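Below: the structure, in structure tokens.
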Amino acid sequence: MTLRTLFLQAPSFDGYDGGAGARYQMKREVKSFWYPTWLAQPAALVEGSKLIDAPAHDQSWDDIKHEVDERDLVILHTSTPSFRQDIHTAELIKARNPKIMIGLIGAKVAVETQKSMEASTAVDFVARNEFDFTILDVANGMPLREVEGISWRDDDGAIIHNKDRAVLEDMDSLPFVSPIYKRDLVMEKYFGGYLLHPYVSFYTGRGCKSRCTFCLWPQTVGGHNYRTRSIPHVIAEVKYVMAEMKPKEIFFDDDTLTDNLPRVEALALELGKLGVTWSCNAKANVPYKTLKVLKENGLRLLLVGYESGNQQILHNIKKGLRTDVARQFTKDCHALGIVIHGTFILGLPGETEETIEETINYAKEIDPHTIQVSLAAPYPGTFLYKQATENGWFDNSHDLLTDDGNQIAQLSYPHLPAALIFDKVEEFYKRFYFRPSKIWSIVSEMLRDWNMMKRRLREGVEFFDFLRRRKEVKA
């Protein structure tokens, strides 16, 4: 008999986005929430399961605690920033229902398995790496000693590490996640500053061939082999989403959908037949020919990781990108009318005050529609974390966030202290957005659309609150 299973993104900091495309979990400068796809995927496999995403739905422990009373199994997604709070939730669950089994999933437990199990006896097992069918085996009642890909606690309290599970190759063997969204989540609770609202996001494949030293998911769970669903399988889910959920936009959350140019062009042609508006993650090296095909078939926006305007830093982080190529790519997107949300990172290896200035000027020159500026975040399991540990770059502690969820500047260099890197994020935002041309661009967008007017005003309030919180963190 299938165990009565609850999949849970636990209550956390106010405004804490535990989704963040599975990349970086924190409170953001403008509040956003991503779908908990990696919880929804195994939930779609387990008959009779339920998914609760507490942060996005503003739910506290008191709001959801009754949900564990009639359950046999709880699967908690956790991450390095949320781990302490998630362990606290696991202990509350076990205190309320001592017979329940609790398992943890996520990059944190994939790379720090033993440490995660030792954190609390409330945790019965953790699922390492790719965990969809691992959780199905547990939910189907398979004895833990026989389940591949887990570490678990036996009756004597000993921690046992079972053999690894083989990486999933047949991506079409996974069921759609969108019916779980429709069943258990409120679509309007999910939004991002650069996406149309409401939106739906899901993956058409896993893995990323790029080797960026800071990027969490490919180095811990997804791997560097881009494994994809067939185009008919993806289109079938798109049709379901458009018929049953009716979002204004679909976002394909693959680490880099444009890694396979023939496939993304073929996918775009099928999306074009449906008249779907869509967006995706992209590397800043897509040729004009492909961009034109994508735009003509419904592409609205690309989320692009530029990271830095300094070529040496891009080499240092193994980005595999040339700034001259990125410049041409951006010009091509502007010419075609493709909107860009650009992301940048300050404090990467090789950073100096001069390279920060170079990156700010680079961002202003290429001029994406909107930007996100982050501090370098060395998550355990990444090459950047290994570098920071070996070179003594950590500033005081390994905490990624403050106690209320705001990002901390972790890395400090002899020539560039963490406090200065932290301050440069605010300067970056101000110099990019407080330009007459950018102000007019945003105001024009607001004047054309009343809903956008309301949204940008709300985001403006959140952005200035973000700047205020940064001053408190610094203090």
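Against the chain, whose longest principal axis is taken from its Cα atoms, helix 231-244 shows a tilt of about 90°. Of the GluC sites (Glu not before Pro) found in region 166-256, those in coil by DSSP whose Cβ has at most 12 other Cβ atoms within 10 Å are Glu169.
Of all lysines in the structure, the ones whose alpha carbon falls short of 22 Å from that of Lys438, not counting any fewer than 8 places away in one chain, are Lys31, Lys331, Lys364, Lys424, Lys430, Lys454.
Straight-line reach from Lys209: taking Cα to Cα under 19 Å and skipping same-chain neighbours fewer than 8 places apart, the lysines in range are Lys283, Lys318, Lys319. With a Förster radius of 25 Å applied to the C-beta separation of Thr389 and Gln311, the computed FRET efficiency comes to 0.45. Radius of gyration (Cα atoms) of the chain, expressed as a multiple of 2.2 N^0.38 Å: 0.96.
Our analysis of region 259-381 gives Rg over Rh at 1.01, with the two radii drawn from alpha carbon positions and Rh computed by the Kirkwood formula.
Using Cβ point charges alone (K and R +1, D and E -1), the dipole size of region 311-359 about the Cα centre works out to roughly 340 debye. In summary, region 181-326 shows an alpha-carbon radius of gyration equal to 1.08 times the 2.2 N^0.38 Å reference for compact globular proteins. Computed with a 1.4 Å probe over protein heavy atoms only, the accessible surface of the chain comes to 40 Å² per residue. Taking the protein heavy atoms of region 151-266 in the context of the full set of protein chains, the accessible area attributed to carbon and sulfur is 54 percent at 1.4 Å.
In terms of its C-alpha gyration tensor, region 187-256 comes out oblate, because a/c is 1.5 or above while a/b does not outweigh b/c. Shown for region 321-380: the carbon plus sulfur share of the solvent-accessible area, taken with all protein chains present and a 1.4 angstrom probe, equals 47%. In the distance distribution for region 83-123, Cα-Cα pairs more than 17 Å apart total 24 percent. For the chain, Cys208, Cys280, Cys333 have no disulfide-compatible partner, since no other Cys C-beta lies under 4.7 Å from theirs. Helix 450-474 and the long axis of the chain differ in direction by around 80°, with both axes built from C-alpha atoms. Let a ≥ b ≥ c be the square roots of the eigenvalues of the Cα gyration tensor of region 305-345; is it rounded (a/c under 1.5), or, if not, prolate (a/b larger than b/c) or oblate? Prolate shape, in that a/c is at least 1.5 and a/b is the bigger ratio. In region 150-219, with Lys and Arg counted as +1 and Asp and Glu as -1 at Cβ, which of these residues, Cys208, Ser151, Val167, has the Cα nearest the positive end of the dipole, that is, farthest along it? Towards the positive end, the residue furthest out is Cys208. Summary of packing: across the peptides 409-420, 295-306, the per-residue average of other C-beta atoms within 10 Å ranks them, highest first, as 295-306, 409-420.
The values are calculated or read from the model by the stated rules, or taken from the named source; none is laboratory data. Because the structure is a prediction, the values reported are computed rather than measured. Here the Cβ is made from the backbone with ideal geometry for all residues, glycine too, and neighbour counts use every protein chain on show. Surface areas here come from the heavy atoms of the whole protein model, side chains and all, with no ligands, DNA or RNA. Shrake-Rupley method; radii C 1.70, N 1.55, O 1.52, S 1.80 Å.
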